[in-house]
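One structure below.
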Amino acid sequence: MTTTARANPYTPAPAALPAISVTGRLDRLRESFDGHEIDALVVTTLANIRYLTGFSGSAGVLTVTRDVAVLATDGRYRTQSAEQVEKSGAAGQVDITIGPGTEQRKAAQAALPAAAIGRIGLEADNVSWSAQRVWAELLDADRLVAVSNAVEALRERKDAAEIARMERAAAIADAALFEVLPLMGQGVTEEHFALELDTAMRRGGAESTAFETIVAAGENSAKPHHHPGSRTISRGDPVVVDFGATFEGYRSDMTRTFCVDAEPDGELARIFAVVGESQAAGAKAVRPGISAKEVDDVCRQIITEAGWAERFEHGTGHGVGLDIHEAPTVSQLGTAILAPGFVVTVEPGVYVPGHGGVRVEDTLVVTEDGARPLTRFTKDIHGSLDQ
């Protein structure tokens, strides 16, 4: 099913984006080696490899020492790896080796001679037990060090080219929602609406969805991560739509909750009002120098005072970038201090079985004096249903 064409205020302007450059990222990683008490790092997390080299393939190992960086991947990516490393500005900094998995590990081993390199970091949060055993046999278990957040800490602060891609992804998502929102009043199912939304994002320029789209209608809206199903969206339903687009590797994330062709009443009306107030306050609080926990405190206090503390069962937000969930964590456990270039979500929610749930979310980039939203779709709970 398609909708009648109408002027879309969210369609992104066809402007050229600044080129992604990884220049300096390997040096910044090396500067962190002493703090992690390592002499080298074996990078196996694909998003981290992409961040450091520009290579976006589905298989590879990057070995970084104080002097060299070796990217090993297989024959499927012989041409792609060379092209992407050169385009990103890393051609003079990264050597490329092509071969099967055993050859890739041998390339890493060759870059890590025991006589010159004592302590080798493995990405503790992403290396499986079996992979750790393979590396231990190859490199000597006594040399291995579990390292957390080495590359991820660098990724927290986005540069202008990264932010431009996230802003484009957000605009694609905004425009897609405007395009398909009238379907919500036409008796479609959750899964039908989700499919139309995903297709509209691809049609608008997204390379993929940022994550599995959530569409939760009526009683299902009380489930924060409901999987779209066969439930028909009906008049008076609260409908949570949580979705995003991916553009050139970078993601957007936004949630809006609508009330279909009616005004919410009773308990549901109060949930809409309280969550809207909480989200607006949290977004206003995002600025340089504030801790991630303090942003969570702002949102959580409003919901707690309304009597729904136990119904706000997740953190206020998270970082977004090459991954949909990355540092920093915006929750009661968050320790990061926000700084210009950080990109975070603010997404409080209240979920009451029997009444439904409401979540509102924006992705914001921290600026020198505050923050600005990348996601711009209206927060009017009827959206554009009647257009």
If we keep just the residues of the range 338-352 that are touching a helix residue (DSSP H, G or I) at 6+ places or on another chain (Cβ under 8 Å) and within 16 Å of residue 155 (Cβ to Cβ), which is surrounded by the fewest Cβ atoms within 10 Å (Cβ to Cβ)? 341
Looking at the range 332-369 only, could you name the residues that are on the phi < 0 side of the Ramachandran plot and of a type in the set (Gly, Ala, Ser)? 334, 336, 339, 349, 357
Condition first: touching a residue at least 60 places away in the same chain (Cβ under 8 Å) and within 19 Å of residue 28 (Cβ to Cβ). Now tell me which residues in the range 67-118 satisfy that. 88, 89, 90, 93, 94
Looking at this structure, is residue 245 crowded, with 19+ Cβ neighbours inside 10 Å, of a type outside the set (Val, Ile, Thr) and either over 24 Å from the mean Cα position of the chain (by Cα) or within 20 Å of residue 276 (Cβ to Cβ) (or both)? no
What tally of residues in the range 99-112 results from selecting those that are surrounded by fewer than 18 Cβ atoms within 10 Å (Cβ to Cβ) and not polar (S, T, N, Q)? 6
Among (1) surrounded by 16 or more Cβ atoms within 10 Å (Cβ to Cβ); (2) assigned to a loop (DSSP other than H, G, I, E, B), there is one condition residue 298 misses while meeting the rest; what is its number? (2)
Can you tell me which residue among 277, 263 is within 14 Å of residue 359 (Cβ to Cβ) and either assigned to a helix (DSSP H, G or I) or without any contact (Cβ under 8 Å) to a residue 12 or more places away in the chain (or both)? 277
For residues that are in contact with a helix residue (DSSP H, G or I) (Cβ under 7 Å, 6 or more places away or on another chain) and open to solvent by less than 30 Å² (accessible area, probe 1.4 Å), tally how many sit in the range 46-66. 12
Pair list, Cβ under 9 Å, 6 or more apart: the range 363-379 residue aromatic (Phe, Trp, Tyr), other residue assigned to a loop (DSSP other than H, G, I, E, B) and surrounded by 15 or more Cβ atoms within 10 Å (Cβ to Cβ): 377/10; 377/383
Hey, residue 150 more than 25 Å from residue 69 (Cβ to Cβ), crowded, with 20+ Cβ neighbours inside 10 Å and small (Gly, Ala, Ser) or not: no
Exactly one condition in (1) out of contact with any Ser or Thr (no Cβ under 6 Å at 6 or more places or on another chain); (2) open to solvent by less than 20 Å² (accessible area, probe 1.4 Å); (3) not aliphatic (A, V, I, L, M) is false for residue 369; which is it? (2)
Quick one: which strands (runs of 3 or more DSSP E) lie wholly within the range 321-385 and hold at least 1 residues that are within 13 Å of the chain's Cα centre (by Cα)? 326-330, 343-346, 362-366
Please work out which residue is nearest to residue 383 (Cα to Cα), limiting yourself to the range 249-276 and to residues that are surrounded by fewer than 17 Cβ atoms within 10 Å (Cβ to Cβ) and touching a helix residue (DSSP H, G or I) at 6+ places or on another chain (Cβ under 9 Å). 261
Matching residues in the range 67-90 - criterion: being over 16 Å from residue 46 (Cα atoms) and open to solvent by 60 Å² or more (accessible area, probe 1.4 Å): 67, 78, 79, 83, 86, 87
Strands (runs of 3 or more DSSP E) fully within the range 152-247 counting 3 or more residues that are touching a helix residue (DSSP H, G or I) at 6+ places or on another chain (Cβ under 6 Å) and free of Cβ contacts under 8 Å to residues at least 40 places away in the same chain: none
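The values are calculated or read from the model by the stated rules, or taken from the named source; none is laboratory data. Since we're looking at a predicted model, the values are computed, not measured. We place every Cβ from the backbone using ideal geometry, glycine too, and count neighbours over all the protein chains shown. Just so you know, the surface numbers come from the protein's heavy atoms only, side chains and all, with ligands and any DNA or RNA stripped out. Shrake-Rupley method; radii C 1.70, N 1.55, O 1.52, S 1.80 Å.
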